[in-house]
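Asks: Quick one: the structure is below, questions incoming.
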Amino acid sequence: MKTILLTGATGFLGSHLLSELLTLDFKVIVLKRSYSDLWRIDKLLKNVKSYDIDKVTLELPFQENKIDYVIHTATNYGRKGEQALNIVRTNLLFSLEILEIATFFNTDTFFNTDTLQYKYLTDYTLSKKQFVEWGKSFANSGKIKFVNLKLEHMYGPKDDENKFVSWIIRQMLQNVEEIKLTSGEQKRDFIYIDDVVSAYSLLINNELEEDFQEFEIGTGESTSLKNFILMIKDIIKSEFQIDVNTNLNFGALPQRVGEPKEIKAKINRLKEMNWSCKYTLTDGLKKTIEDTIGKK
């Protein structure tokens, strides 16, 4: 039985990964804080060993367990107005500390969660890309295998309420008078959370030989933001029989400077490993909206 150290287990992606890893009979070690909000994983904690990293050293989990893989999903998106230094502390310094400790204790592989977004778009994206350079350096020197997973826009049940898809759905369900939006012409690759998890599962269960590898995770198709938002509105009305009278004011906000017009994952490598998405955009949004309605 392989042992996996999972960071960010209380978050959106981490909680879904934790559930999957336990289903696959991995032994899972969870890093959290004593004050972490455990609502996503409270029913799973009895099946894992956890460490409160605000009370113990980061070395302790490695000293007490032979850890085969690290899956690193902990991140600071900077959505709450955090200063650049705090974002760097999580996305670069904390990540580098985990990587160095894993290397010292001869962990086989470090699976890192990255983004397909442009490096200099935000403090978040810059800090994520800087850590990947460190991972590549460690891998190229033969210290550890480093697998970098570049995600496009994932969505699904249990996502943070301030994340874009969750926020849009709740605004429509609450029938707010107006939502100010950009033109919505930019295209993104929206992928349902279960498909993201299945890609991680595939890679974890395969013997990856190269010291440094990158995989892009998405559907391989892009959808304009405007069409995506209109699809949410249509599904709420047609599938759940809920009237949405919210004015979607496209063009009221400017585009972010440097934001790419289109992002689409290149998934050829995953397809060669017989991976494919199981959820269409419509199916994924139905499940996400249904979950949100259940929380109303």
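Asks: So S201 fits all but one of (1) hydroxyl-bearing (S, T, Y); (2) assigned by TED's automatic domain parsing to the domain that holds L38; (3) touching a Phe, Trp or Tyr at 6+ places or on another chain (Cβ under 9 Å); what number is the exception?
Replies: Condition not satisfied by S201: (3).
Asks: Which number in (1) in the same structural domain as L253 (by TED's automatic domain parsing); (2) touching a strand residue (DSSP E or B) at 6+ places or on another chain (Cβ under 9 Å); (3) surrounded by fewer than 21 Cβ atoms within 10 Å (Cβ to Cβ) marks the one condition that K129 misses?
Replies: For K129, the exception is condition (1).
Asks: In addition: When K43 is evaluated against the numbered criteria (1) in contact (Cβ under 8 Å) with a residue 40 or more places away in the chain; (2) not in a helix (DSSP H, G or I), which criterion, by number, is the only one it fails?
Replies: Unmet condition: (1).
Asks: Right, here's the next one. Restricting attention to segment 120-143, which residues are acidic (D, E) and in contact (Cβ under 8 Å) with a residue 12 or more places away in the chain? Show your work before the answer.
Replies: Within segment 120-143, the subset acidic (D, E) is 123, 133.
Result: D123, single match.
Asks: Answer yes or no as to whether L248 is crowded, with 18+ Cβ neighbours inside 10 Å and part of a helix (DSSP H, G or I).
Replies: On the way: crowded, with 18+ Cβ neighbours inside 10 Å: yes; part of a helix (DSSP H, G or I): no.
No.
Asks: Then there is this: Taking interchain pairs and intrachain pairs at least six residues apart, which have beta carbon atoms under 6 angstrom, with the first residue in segment 98-112 and assigned by TED's automatic domain parsing to the domain that holds F212 and the second among the basic types (K, R)?
Replies: T103/K143; T109/K145
Asks: Have a look at R89, R33, R79 and point out the one that is of a type outside the set (V, I, T) and in contact (Cβ under 8 Å) with a residue 60 or more places away in the chain. Give the derivation first.
Replies: On the way: R89 fails: in contact (Cβ under 8 Å) with a residue 60 or more places away in the chain; R33 fails: in contact (Cβ under 8 Å) with a residue 60 or more places away in the chain.
Sole residue among the options that is of a type outside the set (V, I, T) and in contact (Cβ under 8 Å) with a residue 60 or more places away in the chain: R79.
Asks: Can you give me the number of residues within segment 172-186 that are surrounded by 16 or more Cβ atoms within 10 Å (Cβ to Cβ) and either in the same structural domain as S15 (by TED's automatic domain parsing) or closer than 25 Å to F240 by Cβ (or both)? Even if it seems obvious, please write down each step before you answer.
Replies: Pass one, segment 172-186, residues surrounded by 16 or more Cβ atoms within 10 Å (Cβ to Cβ): 172-173, 179, 181-182, 184, 186.
In the following step, the residues that additionally are either in the same structural domain as S15 (by TED's automatic domain parsing) or closer than 25 Å to F240 by Cβ (or both) were identified as 172-173, 179, 181, 184.
The total comes to 5.
Asks: Another question about this same structure. Give the number of residues within segment 51-70 that are surrounded by 20 or more Cβ atoms within 10 Å (Cβ to Cβ), in contact with a Ser or Thr (Cβ under 7 Å, 6 or more places away or on another chain) and outside any loop (DSSP other than H, G, I, E, B).
Replies: 2
Asks: Next up: Would you tally the residues in segment 14-33 being in a loop (DSSP other than H, G, I, E, B) and either surrounded by 18 or more Cβ atoms within 10 Å (Cβ to Cβ) or of a type in the set (D, E, K, R) (or both)?
Replies: The first filter runs over segment 14-33 and keeps only residues in a loop (DSSP other than H, G, I, E, B), leaving 24-26, 33.
Filter once more, so that each one left must be either surrounded by 18 or more Cβ atoms within 10 Å (Cβ to Cβ) or of a type in the set (D, E, K, R) (or both): 25-26, 33.
Counting residues in segment 14-33 that are in a loop (DSSP other than H, G, I, E, B) and either surrounded by 18 or more Cβ atoms within 10 Å (Cβ to Cβ) or of a type in the set (D, E, K, R) (or both) gives 3.
Asks: Would you confirm whether or not segment 5-12 contains a residue that is part of a helix (DSSP H, G or I), touching a residue at least 40 places away in the same chain (Cβ under 8 Å) and under 18 Å from the mean Cα position of the chain (by Cα)?
Replies: The answer is yes; a qualifying residue exists.
Asks: A further question follows. Looking for whichever is of a type outside the set (G, A, S) and buried (at least 19 other Cβ atoms within 10 Å of the Cβ) here; the options are L208, L202, L149. Which one fits?
Replies: On the way: L208 fails: buried (at least 19 other Cβ atoms within 10 Å of the Cβ); L202 fails: buried (at least 19 other Cβ atoms within 10 Å of the Cβ).
The conditions single out L149.
Asks: Report, by residue number, each residue of segment 46-76 that is among the charged types (D, E, K, R), within 26 Å of V132 (Cβ to Cβ) and without any contact (Cβ under 8 Å) to a residue 60 or more places away in the chain. Quick ask: steps written out before the conclusion?
Replies: Of all residues in segment 46-76, those among the charged types (D, E, K, R) come to 46, 49, 52, 54-55, 59, 64, 66, 68.
Add one more test, that the residue is within 26 Å of V132 (Cβ to Cβ), and what stays is 59, 68.
Matches in segment 46-76: E59 only.
The values are calculated or read from the model by the stated rules, or taken from the named source; none is laboratory data. Values in this document were obtained by computation on a predicted structure and should not be read as measured data. Methodologically, a virtual Cβ is constructed for each residue, glycine included, from the backbone with ideal geometry; neighbour enumeration extends over all protein chains shown.
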